[in-house]
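One structure below.
The values are calculated or read from the model by the stated rules, or taken from the named source; none is laboratory data. As the structure is a computational prediction, the values presented were derived from the model and not from experiment. With ideal geometry, Cβ positions are generated from the backbone for all residues, glycine too; neighbour counts draw on all protein chains shown.
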Amino acid sequence: MKIEFRQPARVDDILTIETKTAVISGARAILLQTIRRGTDVLVEARVECALVDRDGRPRRFRRSGDCCFVHKMLEPEKCCKPV
């Protein structure tokens, strides 16, 4: 993760966390996250994720599985069925 902290949040702040998929390639995905309080950006992060099997070895994303990866992380109710 690469994180840039711009401003602190405080107790009772209402925060919005936005996550966008920048890249899905091979066994890696890069997500961009922004945390806001209203229109103020508090935190920006670049998150690199790896898909691994149960033995800890890298596993490539399947084209049909790309949407499942993103939806399971962000919107589980929208996940498509695995192939």
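Residues considered: ILE24, ILE30. Of these, the only one that is surrounded by 14 or more Cβ atoms within 10 Å (Cβ to Cβ), free of Cβ contacts under 8 Å to residues at least 40 places away in the same chain and under 25 Å from PHE61 (Cβ atoms) is ILE30.
Quick grid of which residues meet (1) modelled with pLDDT under 90; (2) charged (D, E, K, R):
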{"residue": "GLU4", "(1), (2)": "no, yes"}
{"residue": "GLN7", "(1), (2)": "no, no"}
{"residue": "ARG10", "(1), (2)": "no, yes"}
{"residue": "ILE17", "(1), (2)": "no, no"}
{"residue": "VAL23", "(1), (2)": "yes, no"}
{"residue": "GLY26", "(1), (2)": "yes, no"}
{"residue": "LEU32", "(1), (2)": "no, no"}
{"residue": "ASP40", "(1), (2)": "no, yes"}
